[in-house]
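**Student:** Have a look at this one before I ask anything.
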Amino acid sequence: MKRIASLILCIALLFSCAMLAAHAEVPSPAGKYFHYGFTAAGYGDFHHFFHFYEEIPVLGSVFYAGFTNNNNTFAGTYVVEETPIEYSLYADRKAIESGADKLTGTAPYTIIFYDFAGNELDRCGYDGEKLYYDCSTIKGTSCGPTFYYEDAELEYKAAAYDNEVGVTYLSFVADEDDTCTVQLSHNMTYVDLMTFIIEGTWSMEQREDGGYDYTLKPDSSFDPGAVMSVSVDRKTAVYTDEEGNSYTLTNADALGPQLAYVASGNVEIAKYNTTAKLNLEMYDDNSCVMYMDIFGNHSQIDQGKYTMNADYTVDFKFETAGELKAAVDMSTFSLVLKYECNHESFGALAADMAISAPEEEVAEAALLLTLNGGFTTLDLYDDGTYAFTFASYNLVEKGTWKIENYQFSITQSNENVIYGSLDPTTYALTLEYVAEASEALKDTFTCDAATWGALMH
């Protein structure tokens with residue numbers, strides 16, 4: 001019986017290790033470029049590419065997409081998930097021009113793209129060597145759908161990558177003078193117009209209150225640097241120069257009328273044989289603007305005014321679409337605008353758009369304490385959550401932690417509870433962590449009494 005039990009245990013351990021190995025195989029595109037390009041007779045060379053940055057402290061994993069020789073640009077953050085995703089792509093430019101059948105299949109991994117506010121922008125497949133590019137929002141003119149291959153030798157560095165355009169990450173305006181601004185870009189560069197034009201690079205740290213401190217380091221040794229302390233919600237900031245002078249600033253997105261409601265819907269553009277996305281923004285001054293996302297461009301196509309009625313309908317008066325009314329769809333109990341117009345550039349447009357309140361940005365939890373194990377880390381946050389990280393294998397597990405009656409414990413996402421133990425003499429805390437991914441992955445964390453005791457206050 002002991003031999004059978006031992007055999008079963010060995011099989012279970014091997015299975016667990018196989019699970020961990022499978023998890024470890026998720027490849028990262030960080031630090032790499034993925035390119036697709038072609039030459040159009042009479043028009044020259046066209047380059048489209050993705051640049052995945054090495055992880056930036058606090059900000060995380062940043063991407064840049066430059067299409068049509070950097071004329072259509074996007075930037076934000078991304079994650080890679082071990083989730084298969086289906087694709088339907090042309091093999092290359094020749095296949096696109098000839099109208100050949102698309103290649104179909106399933107890519108092993110999914111890259112999810114987000115804007116800097118945390119809203120999902122798009123998804124595409126990935127296999128560690130190439131992108132299965134068929135994005136609907138992150139796109140430009142003649143950029144696919146096709147494969148984007150890793151350019152490990154940086155063959156197109158001079159032609160494309162060196163011309164990467166800074167995409168705004170944050171922009172602030174001084175309260176006392178709206179000509180004084182600070183703009184931070186995705187590529188860690190900034191332009192400071194608080195006194196005169198200063199360009200340089202920025203870095204960031206998260207404060208204990210959850211806000212962020214941005215250190216501005218000028219390119220020229222003759223220019224002064226500064227620190228910009230941004231609030232948790234990123235709506236305000238305090239700019240402090242090297243002489244100690246401070247100025248209050250407001251996020252450029254927070255100036256003027258504020259967004260009250262949003263709506264979106266897809267629309268077929270028969271003229272270009274493509275699908276575009278309509279986005280309606282309704283502001284608290286009763287103005288509204290309709291945008292279209294097409295071929296990588298975010299363009300205004302209509303605008304007007306709206307009135308909320310007591311019978312739960314909304315009257316719109318657009319400049320192009322004219323007078324329209326939104327009413328409750330009883331099948332979904334949602335307020336729906338049936339937007340229709342005949343646009344001079346895109347032809348007949350029609351889309352059903354459900355109106356809702358905009359999603360509120362949730363402040364990130366502040367890091368309280370990092371415990372270092374033999375080869376992993378355990379981060380404890382002020383909202384009662386934790387993150388267990390095995391960096392070598394891109395493994396992150398999350399759950400909650402608490403201290404009750406001087407007893408430290410963590411609860412994993414599978415509801416398993418792990419309790420810490422105290423040294424009877426020094427009251428130092430010891431926690432034996434067993435990973436959810438595999439029981440074969442274990443690590444020990446220790447913490448002195450004063451440090452873990454401070455967590456109770």
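The values are calculated or read from the model by the stated rules, or taken from the named source; none is laboratory data. Please read all numbers here as calculations on a predicted model, not as lab measurements. Glycine gets a Cβ as well: all are built from the backbone with ideal geometry, and neighbour counts include every protein chain shown.
**Student:** Test of understanding: among Glu120, Glu97, which residue is at pLDDT below 95 and more than 23 Å from Leu278 (Cα to Cα)?
**Tutor:** Glu97
**Student:** Okay, next question. Of all residues in region 433-457, which are out of contact with any strand residue (DSSP E or B) (no Cβ under 7 Å at 6 or more places or on another chain), surrounded by 13 or more Cβ atoms within 10 Å (Cβ to Cβ) and outside any helix (DSSP H, G or I)?
**Tutor:** Answer for region 433-457, where residues must be out of contact with any strand residue (DSSP E or B) (no Cβ under 7 Å at 6 or more places or on another chain), surrounded by 13 or more Cβ atoms within 10 Å (Cβ to Cβ) and outside any helix (DSSP H, G or I): Ser438, Glu439, Ala440.
**Student:** In region 87-114, what residues are farther than 30 Å from Ala40 by Cβ and surrounded by fewer than 17 Cβ atoms within 10 Å (Cβ to Cβ)?
**Tutor:** Thr106, Pro108, Ile112
**Student:** Please go through region 165-190 and pick out each residue that is surrounded by fewer than 17 Cβ atoms within 10 Å (Cβ to Cβ), assigned to a strand (DSSP E or B) and either free of Cβ contacts under 8 Å to residues at least 24 places away in the same chain or touching an Asp or Glu at 6+ places or on another chain (Cβ under 7 Å) (or both).
**Tutor:** Thr168, Thr189
**Student:** Select from region 53-74 the residues that are buried (at least 21 other Cβ atoms within 10 Å of the Cβ) and of a type outside the set (Ser, Thr, Tyr) and write down the one among them that is farthest from Ala366 (Cα to Cα).
**Tutor:** Phe67
**Student:** If you don't mind, there's one more thing I want to ask. Please go through region 220-237 and give me each residue that is touching a Ser or Thr at 6+ places or on another chain (Cβ under 9 Å) and free of Cβ contacts under 8 Å to residues at least 24 places away in the same chain, ordered by number.
**Tutor:** Correct list: Val227, Ser229, Lys235, Thr236.
**Student:** Spot the failing condition for Phe113; the list is (1) part of a loop (DSSP other than H, G, I, E, B); (2) over 14 Å from His35 (Cβ atoms); (3) hydrophobic (A, V, I, L, M, F, W, C), and only one is missed.
**Tutor:** The one condition Phe113 does not meet is (1).
**Student:** Related question: Could you tell me which residue of region 110-157 is farthest from Tyr90 (Cα to Cα), considering only residues that are in contact with a Gly (Cβ under 9 Å, 6 or more places away or on another chain) and acidic (Asp, Glu)?
**Tutor:** Taking the candidates together, the pick is Asp115.
**Student:** Mind telling me which of the residues Tyr239, Tyr261, Tyr247 ends up being part of a strand (DSSP E or B) and at pLDDT below 95?
**Tutor:** Tyr261
**Student:** On the basis of being among the β-branched types (Val, Ile, Thr) and within 24 Å of the chain's Cα centre (by Cα), does Thr389 make the cut?
**Tutor:** Spelling it out, Thr389 is indeed among the β-branched types (Val, Ile, Thr) and within 24 Å of the chain's Cα centre (by Cα).
**Student:** Also: Looking only at region 401-420, count how many residues are surrounded by 12 or more Cβ atoms within 10 Å (Cβ to Cβ) and in contact with an Asp or Glu (Cβ under 8 Å, 6 or more places away or on another chain).
**Tutor:** Qualifying residue count, region 401-420: 2.
**Student:** Further question: Does Ser264 satisfy being within 29 Å of Arg234 (Cβ to Cβ), touching a residue at least 40 places away in the same chain (Cβ under 8 Å) and surrounded by 13 or more Cβ atoms within 10 Å (Cβ to Cβ)?
**Tutor:** Taking the combined requirement at face value, the residue satisfies it.
**Student:** Moving on. Select, from Ile85, Ile138, the only residue that is closer than 24 Å to Ser171 by Cβ, touching a Cys at 6+ places or on another chain (Cβ under 9 Å) and either touching a residue at least 60 places away in the same chain (Cβ under 8 Å) or of a type in the set (Val, Ile, Thr) (or both).
**Tutor:** Checking each option against the conditions leaves just Ile138.
**Student:** Separate question: Could you check region 25-52 and list, in sequence order, the residues that are in a loop (DSSP other than H, G, I, E, B), within 17 Å of the chain's Cα centre (by Cα) and touching a residue at least 60 places away in the same chain (Cβ under 8 Å)?
**Tutor:** If the condition is that a residue be in a loop (DSSP other than H, G, I, E, B), within 17 Å of the chain's Cα centre (by Cα) and touching a residue at least 60 places away in the same chain (Cβ under 8 Å), then Ser28, Pro29 are the ones that fit.
Residues are listed down the side, and each one gets a yes or a no for (1) part of a strand (DSSP E or B); (2) of a type in the set (A, V, I, L, M, F, W, C); (3) at pLDDT below 90:
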position: Leu371; (1), (2), (3): yes, yes, no
position: Asp379; (1), (2), (3): yes, no, no
position: Asp383; (1), (2), (3): no, no, yes
position: Ala387; (1), (2), (3): yes, yes, no
position: Ser392; (1), (2), (3): no, no, yes
position: Val396; (1), (2), (3): yes, yes, yes
position: Trp401; (1), (2), (3): yes, yes, no
position: Phe408; (1), (2), (3): yes, yes, no
position: Thr411; (1), (2), (3): yes, no, no
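**Student:** Hey, can you tell me all the residues within region 301-350 that are buried (at least 17 other Cβ atoms within 10 Å of the Cβ) and of a type in the set (Val, Ile, Thr)?
**Tutor:** Ile301, Val314, Val336
**Student:** If I go through region 327-368 residue by residue, how many of them are among the small types (Gly, Ala, Ser), in contact (Cβ under 8 Å) with a residue 40 or more places away in the chain and closer than 23 Å to Gln258 by Cα?
**Tutor:** Here the count works out to 4.
**Student:** Would you check if there is a residue in region 121-128 being closer than 25 Å to Gly31 by Cα, among the acidic types (Asp, Glu) and not in a loop (DSSP other than H, G, I, E, B)?
**Tutor:** Yes, the conditions are met somewhere in region 121-128.
**Student:** In this structure, is Asp233 buried (at least 16 other Cβ atoms within 10 Å of the Cβ), modelled with pLDDT under 95 and either in the same structural domain as Phe49 (by TED's automatic domain parsing) or among the acidic types (Asp, Glu) (or both)?
**Tutor:** no
**Student:** Starting from residues that are within 22 Å of Val167 (Cα to Cα) and either in contact (Cβ under 8 Å) with a residue 60 or more places away in the chain or of a type in the set (A, V, I, L, M, F, W, C) (or both), keep the ones in region 207-219 and report whichever is surrounded by the fewest Cβ atoms within 10 Å (Cβ to Cβ).
**Tutor:** Top of the filtered list is Tyr212.
**Student:** To continue, here is another question. Can you spot a residue in region 269-287 that is surrounded by 13 or more Cβ atoms within 10 Å (Cβ to Cβ), among the β-branched types (Val, Ile, Thr) and farther than 20 Å from Ile138 by Cβ?
**Tutor:** No: region 269-287 contains no residue that is surrounded by 13 or more Cβ atoms within 10 Å (Cβ to Cβ), among the β-branched types (Val, Ile, Thr) and farther than 20 Å from Ile138 by Cβ.
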